[in-house]
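All remarks here apply to the structure that follows.
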Amino acid sequence: MNVYVVEVSRRLAEANVEVEIFTRATSSELPRVVEMLPGVTVRHITAGPYEGLCKEELPAQLCAFTAGVLRAEAAQPPGWYDLVHSHYWLSGQVGWLATDRWGVPLVHTAHTLAKVKNLMLADGDTPEPNARVIGEEQVVAEAHRLIANTPTEARELIDLYGAAPDRVSVVAPGVDLDRFTPPADGTERVAARRRLGLPDDGYVVAFVGRIQPLKAPHVLLKAAAELAATDPAVADRLTIAICGGPSGTGLTRPTELMELAASLGLAGRVRFLPPRPPGELVDVYRAADIVGVPSHNESFGLVALEAQACGTPVVAAAVGGLVTAVADGVSGVLIDGHAPADWARVLGDLLRSPARRAELARGAAAHAARFSWNATASGLLTVYRDAMSEQHARFALAGVS
């Protein structure tokens, strides 16, 4: 979501749209207002302690955050904001109140939906609380426009949340096609592996993302163990690279994945890499023969798109937005379910076939090229204009100038 907000804001500014981003301050050293780039201002709102708040505690700070947003607007001339675009349900709650006061449209992007997450919950994971479900239902009911990342998400908003179909618009996220590019040749892949401390030769299957049950990185480890039993020649040459840190419910047992690797006899075959900024993720994607995305749900699957832009095939679970982000059989392979045997079979087949991987690599780069942040911003601008036109028409009917 952070990548989405930054990249879209950059493109909106390039289209001469002035953007102000409101976010909760997480450090006392952050300036209250900072220019991220020309045309994009970031406002750090004090709402609760700077550090130590978990996700479940954030709703208690909605009042403080809303007050900070309203005060910022009150310091500006009347009519300062033309539209609010909120991201995630917490910001949607704030946007609902702000737009009601300011008389401007609210456009909302959920990014993830509690009802969907609860329907596709990983074993042992904690369901999203009813308070979030209610909060999302309220935002869906109040928003003038809802942005869905994929047609699948649009159907979920309509079927599970009762959203009016004419208020739901599908605008796909993008990928930075200047940053995420395929390696020029094999030497770049070897160089990337060396920078990451991975073997020059052999196979590398990478996972990039938060380490938590929802993202299911354990599926890749269990698939590797399955390969060790069914195809030791492939397994002996395989390294699983896990790039990310514990998050969400994964924080309750931060070493669980390391313990699983040891219990499966994979300790020497699994490399744990710390989280990296987008610019450094290029190395991870280029170093891999395959990127695995075994999530139980993804509203889109930005990791899958970034990997494909780097010319790396993706093996992903056939869930949520991944069925859009990955072109099955063209840029990667989609798998129904999370059975380790199924994942081991698909991974093994691809690792044994360099020709098939090369074919998918070409398809991956071509598929990713269909998505860009410029296209995302253009789609959002169309939605913004429609929402503002409708708002003006409503005011005209009501005799409000």
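The values are calculated or read from the model by the stated rules, or taken from the named source; none is laboratory data. Values in this document were obtained by computation on a predicted structure and should not be read as measured data. When we count neighbours, we look across all protein chains shown, and the Cβ atoms used for this are built from the backbone with ideal geometry, even at glycine.
Observations on the structure shown:
- The set of residues from the stretch 23-69 being within 23 Å of L12 (Cα to Cα), surrounded by 15 or more Cβ atoms within 10 Å (Cβ to Cβ) and over 23 Å from the mean Cα position of the chain (by Cα) comprises G39, I45, V69.
- Test: E390 is touching a residue at least 40 places away in the same chain (Cβ under 8 Å) and either of a type in the set (D, E, K, R) or farther than 20 Å from V293 by Cα (or both): yes
- The stretch 68-89 - residue that is without any contact (Cβ under 8 Å) to a residue 12 or more places away in the chain and among the aliphatic types (A, V, I, L, M) and, of those, farthest from Q391 (Cα to Cα): A75
- Restricting the stretch 134-147 to residues that are over 27 Å from F395 (Cβ atoms) and crowded, with 18+ Cβ neighbours inside 10 Å, the residue that is nearest to the chain's Cα centre (by Cα): E136
- Filter result (farther than 30 Å from D125 by Cβ and either under 19 Å from the mean Cα position of the chain (by Cα) or touching a residue at least 12 places away in the same chain (Cβ under 8 Å) (or both)) within the stretch 199-239: P199, D201, G202, D231, V234, R237
- Per-region count, the stretch 95-122, residues outside any loop (DSSP other than H, G, I, E, B), among the hydrophobic types (A, V, I, L, M, F, W, C) and under 30 Å from I211 (Cβ atoms): 3
- D123 within 17 Å of V319 (Cα to Cα), surrounded by fewer than 18 Cβ atoms within 10 Å (Cβ to Cβ) and either of a type in the set (G, A, S) or in contact (Cβ under 8 Å) with a residue 60 or more places away in the chain (or both): yes
- Boolean, G174 is surrounded by fewer than 20 Cβ atoms within 10 Å (Cβ to Cβ) and in a loop (DSSP other than H, G, I, E, B): no
- Test: G92 is within 20 Å of the chain's Cα centre (by Cα), in a helix (DSSP H, G or I), surrounded by 17 or more Cβ atoms within 10 Å (Cβ to Cβ) and touching a residue at least 24 places away in the same chain (Cβ under 8 Å): yes
- Residues that are in contact with a Ser or Thr (Cβ under 9 Å, 6 or more places away or on another chain), modelled with pLDDT of 95 or more and not charged (D, E, K, R) within the stretch 226-275 comprise just one, V270.
- Matching residues, the stretch 150-166, being touching a residue at least 12 places away in the same chain (Cβ under 8 Å) and surrounded by 16 or more Cβ atoms within 10 Å (Cβ to Cβ): T150, T152, E153, A154, E156, L157, L160, Y161, A163
- G79 satisfies every condition listed in (1) modelled with pLDDT under 95; (2) part of a helix (DSSP H, G or I); (3) within 20 Å of V19 (Cα to Cα) except (2).
- In the stretch 102-120, residue surrounded by the fewest Cβ atoms within 10 Å (Cβ to Cβ) [restricted to those that are touching a Leu at 6+ places or on another chain (Cβ under 6 Å) and touching a residue at least 40 places away in the same chain (Cβ under 8 Å)]: K115
- Comparison of R179, R189 shows that the only residue that is under 30 Å from D283 (Cβ atoms), in contact with a Pro (Cβ under 7 Å, 6 or more places away or on another chain), in a loop (DSSP other than H, G, I, E, B) and of a type in the set (K, R) is R179.
- Residue within the stretch 386-394 that is acidic (D, E) and farther than 28 Å from A206 by Cα present: yes
- 1 or more residues buried (at least 24 other Cβ atoms within 10 Å of the Cβ) and touching a His at 6+ places or on another chain (Cβ under 7 Å): qualifying helices (runs of 4 or more DSSP H) within the stretch 275-373: 302-309
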